[in-house]
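Notes for the one structure printed next.
The values are calculated or read from the model by the stated rules, or taken from the named source; none is laboratory data. What you see is a predicted model; the values in this text were computed from it and never measured. Counting neighbours? That spans all protein chains shown, and the Cβs are built from the backbone with ideal geometry, glycine included. For accessibility, only protein heavy atoms count, side chains too; no ligands or nucleic acids. Shrake-Rupley method; radii C 1.70, N 1.55, O 1.52, S 1.80 Å.
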Amino acid sequence: MEPRANILIGLAVVVMLVGSAKAATAGKGIGDGNDGNRSEPVHVITLYDDLGNELKPGEEFPRPVSMKNTCGKCHNYATISGGWHFNSCRVKPEEKDGRIGEPWVLRDSGTRTMIPISNRGWEGAFRPSQINLSSWQWLKLFGTHYPGGNYGEIQVDPDSETADPEAIIRQPISGLYEINCLVCHSADGRQDQGSPDGAAMQVARQNYRWVATVGAGLGTVKGTASAVDEFSMPIEPDQAALKIVEKIKTTYDSGKFDTENKVFFDIVRQPSAQRCYFCHSTQTQIRKIEQVQIESESEKKIEEHEVELTEELDWVSDEDVHLASGLTCTDCHRNGDDHMITRGDIEHEEGSMGAISTLSCRGCHLGDETADAEAAQKGGRLGAPHPKHPGIPTIHFEELSCTACHSGPMPTKEPTIMRTARIHKLGLHGKHAINLPLPHVMSPVFVRGQDHKIAPHKMFWPAFWGIRNEEEFTPMLPEDVAFLAEEPLQLTIQSEDRINDWRPLTTEQIKQTLLAIQADLPQPEGEDVAVPLAVYVAGGKIYQLSEGNPATENTEAEFELVAAEHEAIKPYSWPIAHNVRPATQSLGVGGECGDCHSTDSPFFFGQVAMDTPVAEQGEEGWAQQTETRNMVSFQDIDETYIGWFNWSFVFRPMMKETVLLCCAVIAAVLLLYSLRALRCLAKAVSDECQS
Amino acid sequence: MFAIISIWSIVIVLGLVVVHWFACPVGDKRDLSFGGLVRFKVHVLTMFFLGQKLSLVGKLKKLVYMVTLLCFLILFLTGFVPRLICGVPLSGYTLMIHATFAPVFAVCAMIAIVGYAQQCRFTREELDWVVRLTTCKWKGLLCNSALGGKLTFWLGAILILPVALSMISSMYPIFGTHGQEILFELHRYCALVLVLVAICHVYLVMRAKFKVD
């Protein structure tokens, strides 16, 4: 080869290296961002295991694929892991809480516990640390509907005093639950989250290291990490790493690998709605009503009794109007490399004024006047129609969110009971399918939200045993309660008694349980320190023992159970935006003020049940002690006022007609005297001319 | 902006009324003693009574006129005070009171306009006043004329229409959001002008009444 040619080749190599290095700078992987070409890059890629080695499927004991090491070759994993889906554990305190959203719910039917959990500092939710829930326990509870990362990647520190002992032992076996990019970005119909052979089953087996491999259908996994005896594992980490893949054996589908051991992944930038649905589905529960004819001497009447909740038929329900018209979730819920997916709020602080702020209902349909770009000011992105809202006074746009009239199920006298994928673990099929009716999530409940606008919310009433320190309530983990109060809660008895899906809980049981918990509470040192009180919270009420302390002076008989409402005990609610109904099904459409402004409108006077397991057994069976609240009580509106105001709408048509009639008469008088004046003027001019 | 315009315009009109009252006294001499002021107030008060000399129709007309003024005062207080004094939009119980008295005002205003239209029609005297104005014969021009009272009557009658119709039409599904905003602006600015006209009208009517008495 000519020396000159060698120089040219050398230069070309240098240029290429510099180019690729430039692409990878500024915190970006070479696969991040885009070069302007809108086609999807084809992903025929080499897979890497969790040790960073190239994956060879033909080995006797191959290791499972690691998304962190495989995708992380070209994409900045650290940046991605700061996105909304992966940052709730708040490893970085500077990350934002975001507006209130759906919590994780720690449920236990035996102890009658429903605790909303989130580490985002949302009002009403408890942080895992508040209830001593370790990241390991968190993963066990909620890992089935989870894209990985976050709590799954918190490496337990064996030297830490606060480390969960179980996690210290089990995490080396189960491995870390890395971000599974394919949960969202795989367009392959084989991506399996919920079947018995899918990712969720691996989570149930604590096979966190293997979740992505099985979920993507790359191979099968035999073995259960939770069943592996920790004492059978070698102490040396290297040997343990080898031993574990022998005990939990991965067999790859050789047909997926080409001759160079590369695999084609059908990856898309914009995941389809099907991918989102696994964790973000909701299901409507229908109340089955039984009509009972009651005859007495004086009258015959028919009473309606709710007998059970049953699922709404899928094929008669409609999906969100946006999806029906051809959009998909990611058309509005977009993100950059940081995976901070837009949540439908006006998010100016995110930068790029207009481009992002118009990814909201208002911005997309009406535009954002404050946006930099003219197109963003005009609105109508993706062909969004400009709503006219005829006959809707503008005060409604200050007081209500768009979703108030347009989203969720149509409001009914009693809110619909819903189940959500994450809370009720929907989407798990086959032998690990579970039917969880609790908690009773009600929707739509119209609540004044953080932005001071009334919006439809999902809502449920937390229930938990806990400790009250003056005005602060701290829930207890169900297993701690069960340990202390197995007998009063009858946890060893298999009872089929159910009252509105709950195992009924009598006030006597509450009292006995509280006594058991109270007796175990540490006594404060010093006279000025308040004595912590055992409490049970359910249905918006606190149940606690009357004055005294069973651990010291009082006898059991001296205590009484006291139930009271407390302003710190509120239902947990979060705003909903979907499904958006067609415009013709909006509230107030066609000038129908009565949709909300009537004396019995569900919007204000819907009955929100304060769901509770507390019940008493009478002659006719169990009777749940459920109270109800008017929806207006969650809207910071005076109930009496809105009653009067809505009542005035009864006379509204008459008032409009009366005023119109008056205006017509006044206009007639004006016209009459104008004509008379004109006549006088004409006469005067005429007389002048004649003279 | 609206609040500033409202406050300034009301202050200016009230100021003009006071200036006019002192510049063009009704009687030959003004009694500013304590007794005189008491008599003045009693006189003003008696204007709101139904005179014994009035016929039944006259009594009814005056009664309706008084109710119209009362309703208008309530509408003014509920409509303007929250915005001007408290800086908050009309809402809550105030809104309910406003909406309750609005149709009553419309009905009373209609009856009053029908009842007083004939009395308030323009006559030869008003034409003479215009002639005096145009021929520079201005002595006593601003002191001795019923034109102001009549003019404000008809202006009020005209202004009631946009004030009422702007709100009523917004209750029908005709106008969109932008239209609603325009109607609302129209309502409050027309209402402001109506308030100014009403202040002048009441002053001029009372002045005329003083003159008669």
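Residue-wise test of (1) closer than 22 Å to B:L196 by Cβ; (2) in a loop (DSSP other than H, G, I, E, B).
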residue: B:Y93; (1), (2): no, no
residue: B:I97; (1), (2): no, no
residue: B:A102; (1), (2): yes, no
residue: B:A106; (1), (2): yes, no
residue: B:A112; (1), (2): yes, no
residue: B:Q119; (1), (2): no, yes
residue: B:L141; (1), (2): yes, yes
residue: B:L155; (1), (2): yes, no
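Close contacts from the stretch A:561-580, counting a first residue that is farther than 30 Å from A:L545 by Cβ and a second that is basic (K, R), with Cβ to Cβ under 9 Å and a gap of 6+ residues or different chains, come to A:W574/A:R99; A:W574/A:K458; A:P575/A:R99; A:P575/A:K458; A:I576/A:K458; A:A577/A:R343.
Out of everything in the stretch B:170-205 that is in a helix (DSSP H, G or I) and within 9 Å of another protein chain (Cβ to nearest Cβ), what residue ends up being nearest to the chain's Cα centre (by Cα)? Taking the candidates together, the pick is B:F184. Exactly one residue out of B:G115, B:G92, B:G15 is away from every other protein chain (no Cβ under 14 Å) and open to solvent by less than 50 Å² (accessible area, probe 1.4 Å), and it is B:G15. Residues in the stretch A:572-599 that are surrounded by fewer than 21 Cβ atoms within 10 Å (Cβ to Cβ) and farther than 16 Å from A:S407 by Cα: A:G590, A:G591, A:E592, A:C593, A:G594, A:H597, A:S598, A:T599. With respect to the conditions (1) in contact with a helix residue (DSSP H, G or I) (Cβ under 6 Å, 6 or more places away or on another chain); (2) facing chain B (nearest Cβ under 8 Å), A:R676 falls short on a single one, namely (1).
Among residues belonging to the stretch A:76-111 that are basic (K, R) and closer than 23 Å to A:F460 by Cβ, point out the one that is modelled with the highest pLDDT.
Within the stretch A:76-111, the first condition is being basic (K, R), and the residues that meet it are A:90, A:92, A:96, A:99, A:107.
Okay, now just the ones that are also closer than 23 Å to A:F460 by Cβ, so A:99, A:107.
On the way: A:R99: 88, A:R107: 92.
Step by step, filter the stretch A:76-111, then rank; the result is A:R107.
Just to be sure, is A:E95 charged (D, E, K, R), under 24 Å from A:Y572 (Cα atoms), without any contact (Cβ under 8 Å) to a residue 24 or more places away in the chain and not in a strand (DSSP E or B)? The answer is yes for A:E95. The residues of the stretch A:119-136 that are in a helix (DSSP H, G or I) and free of Cβ contacts under 8 Å to residues at least 60 places away in the same chain, listed by number, are A:P128, A:S129, A:S135, A:W136. What do you reckon, is B:V67 part of a helix (DSSP H, G or I), at pLDDT below 90 and either within 14 Å of chain A (Cβ to nearest Cβ) or open to solvent by 40 Å² or more (accessible area, probe 1.4 Å) (or both)? No.
Going through A:A404, A:A455, A:A463, A:A375 one at a time, which residue ends up being surrounded by fewer than 23 Cβ atoms within 10 Å (Cβ to Cβ) and either at negative phi or more than 14 Å from chain B (Cβ to nearest Cβ) (or both)? Exactly one residue qualifies, and that residue is A:A375. For residues that are open to solvent by 40 Å² or more (accessible area, probe 1.4 Å) and of a type outside the set (A, V, I, L, M, F, W, C), scanning just the stretch B:189-213, find the one that is modelled with the lowest pLDDT. Checking each candidate, the answer is B:D213.
Among the candidates A:D157, A:D164, A:D108, single out the residue that is touching a helix residue (DSSP H, G or I) at 6+ places or on another chain (Cβ under 9 Å), of a type in the set (D, E, K, R) and in contact (Cβ under 8 Å) with a residue 40 or more places away in the chain. Working first, answer last.
Working: A:D157 fails: in contact (Cβ under 8 Å) with a residue 40 or more places away in the chain; A:D164 fails: in contact (Cβ under 8 Å) with a residue 40 or more places away in the chain.
Criteria check complete, one pass: A:D108.
Name the residue, out of A:V650, A:V685, A:V669, A:V659, that is more than 30 Å from A:S443 (Cβ to Cβ), open to solvent by 50 Å² or more (accessible area, probe 1.4 Å) and out of contact with any strand residue (DSSP E or B) (no Cβ under 6 Å at 6 or more places or on another chain). Answer to the check: A:V685.
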